[in-house]
Structures are given as C-alpha cells and as structure tokens.
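Only one structure is covered here, and it is reproduced in the block below.
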Amino acid sequence: MKSVVILISGRGSNMQVIAEAGLPVRVAAVISNRADAAGLEWAAKRGIATQMVDHRGFAGRDAFDAALADAIEAHRPDLVVLAGFMRILGEAFVTRFAGRMLNIHPSLLPSFPGLHTHRRAIEEGVKVHGTTVHFVTPALDHGPIVIQAAVPVLPDDDEDSLAERVLEAEHRIYPQAVRWFAEDRLVIRDGVVRVNGSDARDCAQLLMVQP
C-alpha cells in the first residue's frame, strides 16, 4: 500500500474526500503552512499525523521549501498531494518530488492558471469551466494532466455558485487520480499522462458534471 502526504492551507476538503474514499493508500501525514488550518484538526481527530511548517518563520522561499521537503520526507511518502496548499513551491522542491506530486487546480488547464479562476471565467464569458488534476512541474499550474472535469457556466452564475459546482467536481476526480497513482496505472510519456501505456484517453478523461 502506497503512502501519501497531503499538504493543505485551509479546511482541506479535498484532503477529507481523499482520506475517506477507501483508496488503496495510507495517509501518513497532513502538513500545513498555517497553524489555523481547519484541516489539521480534522485529520488529528482521525488519527492522522499532522504537522505545521509556518512559512513566516523562514527568511525566504528556499529555506521554507527545504524545511517543508524534509518534513515530508520524514514520512517516506510515495505520493505528495497538494490539496488547497496556497504556497508557490520553488524549482528545487518540485524537482525533489518530480513524478510523485499531484495538484488540483480550479480550471480547465491550460486556461486560467493562477488565482481567481471562477471570476475570470465568468468575465471571459466561457460556457464551460472546470478543474484539473496534474503532476506538478516548476511552471505554475502546469504539468502533465491526469484528469479533468468540466462544468457548465450558467447564465446566472456568480463567482460563488460556480466555485461550489467546481468544488463538487474536484471531489469526484481527485480521489480517482490518487487511485490511479496507487495502482501504478499512471505513466508520463512525452509530457502526456497515459494509463499503463494505453491511449491517453484512458487517463486524461474529461468528465461533464451536470448542474
């Protein structure tokens, strides 16, 4: 059974879904950069090891990244899962965990990387929005795509209503991506994620979630 460390900055709703999904993984630890992250209490109550590495206690990003990486490696994880971890991680950190770190982003990448994705989608007038699970690379919100879920943008949507629908989609696809990793089904070939060498469509799925 593979071991997973999950990084959070807040309530960690994706962390909770992954921990309770009955996946063939062991959540070895939940680590946050914020002491007030509600997800830490949730994890601790369920017997999951928790730790806080406060980014404000370090002189710069490199020092924080090094301390965070050491905290993660202490649990010897097979996979690092970013679940609402609101820190940009440097190239050295990403390289250290290359091929074994997943992130979920609230847009259909490569569209709308960065922040305020739902607001930007509405302002641009797109008709389909969504979320993406991808392997992490040094480029922000970029990396081989594992799975995506699409949701329609409704005429009366505001930022909050669209965000809620996208979050529901996140909760569907992130556990699936972690399961595929745990089952050794994910292969990165020429920058494209495939399942055991089969056609990429077996893995880089696009799920339409109805409103």
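Counting only residues that are farther than 24 Å from residue 186 by Cα, give me the strands (runs of 3 or more DSSP E) lying completely in the range 1-110 with at least 3 of them.
49-52
Looking at the range 3-34 only, could you name the residues that are within 14 Å of residue 102 (Cβ to Cβ) and either modelled with pLDDT under 95 or within 15 Å of the chain's Cα centre (by Cα) (or both)?
Listed by number, the residues that qualify are 4, 5, 6, 7, 8, 14, 15, 17, 18, 27.
Looking for whichever is on the phi > 0 side of the Ramachandran plot and either surrounded by 16 or more Cβ atoms within 10 Å (Cβ to Cβ) or in the same structural domain as residue 69 (by TED's automatic domain parsing) (or both) here; the options are 114, 90, 143. Which one fits?
Among 114, 90, 143, only 143 is on the phi > 0 side of the Ramachandran plot and either surrounded by 16 or more Cβ atoms within 10 Å (Cβ to Cβ) or in the same structural domain as residue 69 (by TED's automatic domain parsing) (or both).
Can you tell which of 53, 17, 81 is under 21 Å from residue 143 (Cα atoms) and β-branched (Val, Ile, Thr)?
The conditions single out 81.
Output the qualifying pairs, or none if there are none: Cβ atoms under 7 angstrom, residues six or more apart or on different chains, first residue in the range 138-161 and acidic (Asp, Glu), second residue outside any strand (DSSP E or B).
If the second residue must be outside any strand (DSSP E or B), the pairs left are 141/109; 141/113; 141/114; 157/122; 159/118; 159/119; 159/122.
Please specify each residue of the range 18-52 satisfying the condition of being within 17 Å of residue 182 (Cα to Cα) and surrounded by fewer than 19 Cβ atoms within 10 Å (Cβ to Cβ).
20, 21, 22, 24, 26, listed by residue number.
Restricting the search to the range 45-68, which residues are small (Gly, Ala, Ser) and closer than 15 Å to residue 28 by Cβ?
47, 49
Among the numbered criteria (1) in contact (Cβ under 8 Å) with a residue 40 or more places away in the chain; (2) touching a strand residue (DSSP E or B) at 6+ places or on another chain (Cβ under 8 Å); (3) of a type in the set (A, V, I, L, M, F, W, C), which single criterion is violated by residue 122?
Of everything listed in (1) in contact (Cβ under 8 Å) with a residue 40 or more places away in the chain; (2) touching a strand residue (DSSP E or B) at 6+ places or on another chain (Cβ under 8 Å); (3) of a type in the set (A, V, I, L, M, F, W, C), residue 122 misses just condition (2).
Counting just the residues of the range 159-211 that are part of a loop (DSSP other than H, G, I, E, B) and in contact with a Leu (Cβ under 9 Å, 6 or more places away or on another chain), which one comes out modelled with the lowest pLDDT?
203
Search the range 170-179 for residues being surrounded by fewer than 21 Cβ atoms within 10 Å (Cβ to Cβ) and out of contact with any helix residue (DSSP H, G or I) (no Cβ under 8 Å at 6 or more places or on another chain), and hand back the single one that is farthest from residue 123 (Cα to Cα).
Among them, the one singled out is 179.
Could you count how many residues in the range 62-87 are more than 30 Å from residue 166 (Cα to Cα) and surrounded by fewer than 19 Cβ atoms within 10 Å (Cβ to Cβ)?
The number of residues fulfilling the criteria is 10.
Criterion first (in contact with a Lys or Arg (Cβ under 6 Å, 6 or more places away or on another chain), outside the structural domain of residue 164 (by TED's automatic domain parsing) and either on the phi > 0 side of the Ramachandran plot or of a type outside the set (Val, Ile, Thr) (or both)) does residue 78 satisfy it?
Yes; evaluated as a whole, the condition is true for this residue.
The values are calculated or read from the model by the stated rules, or taken from the named source; none is laboratory data. Predicted model, so just to flag it, every value in this text is computed and none were measured. Virtual Cβ from ideal backbone geometry, glycine too; neighbours counted across all protein chains shown.
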